[in-house]
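The values are calculated or read from the model by the stated rules, or taken from the named source; none is laboratory data. As the structure is a prediction and not an experimental result, all values here were calculated from the model. For neighbour counting, all protein chains shown are included, and Cβ atoms are generated from backbone atoms with ideal geometry for every residue, glycine included. With ligands, DNA and RNA removed, areas are computed over all heavy atoms of the protein, side chains included. Shrake-Rupley method; radii C 1.70, N 1.55, O 1.52, S 1.80 Å.
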Amino acid sequence: MELPLVVGVDGSGPSLTAIDWAVDEAARHGVPLRLVYASLWERYEGVVPPGSAQRPSEQAMAESVVGSAMERAQRRNPDVKMSADILPEDAASALLRAADSAATVVTGSRGRGELKGLLLGSVSLAVAARAHCPVVVVRGDQAGLAGVHERILLGVGGTESGREAVLFAFREA
């Protein structure tokens, strides 16, 4: 089974940029793309009884965000195999769990949160620091999105994960 490229989606501008980059990357490497939206909305809005026609507003928003993300990804490259999940957990935990069975995890530089002063969003930072697979945080500069920087920046520690990071960087280069 081929491991997917996982991209976190939340409907924000940086998330949309990450989707575009992830679709291109999935096509380049011939791997499937998995879009993941995660929220703890059930904790705050409650679970709707089975058979009820009523849907909590956050669930409706999640379905809308994921539907729009899938449409965007399919328009960008309809040949990439795609799937999407809405997970009832916090975004960082969901993406970290998804990383255990992913080739790479992709996030935008920040999401819908209000902490605009951070260099990276809290989810991106948590995932980049703790994932067990390569993580790409898409910042959105035009040269990077077009792939014309012509360089790969790699920071490595002395552990086995450093070896994996070097292999990933060489593959990307």
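Taking every protein chain into account, the 1.4 Å probe leaves MET61 with about 60 Å² of accessible area, to the nearest ten.
The accessible surface of region 57-99, taken with every protein chain in place and a 1.4 Å probe, is 45 percent carbon and sulfur. Take ARG130: with every protein chain present and a 1.4 Å probe, its accessible area is about 140 Å². Between ARG130 and ALA165, the simple spin-label model (points 7 angstrom out along Cα→Cβ) gives 1.8 nm.
Each Lys or Arg adds one and each Asp or Glu subtracts one; over the other residues with Cβ under 13 Å from the Cβ of THR104, this totals -3. Between the beta carbons of ALA60 and ASP90, assuming R0 = 22 Å, the FRET efficiency works out to 0.65 to the nearest 0.05.
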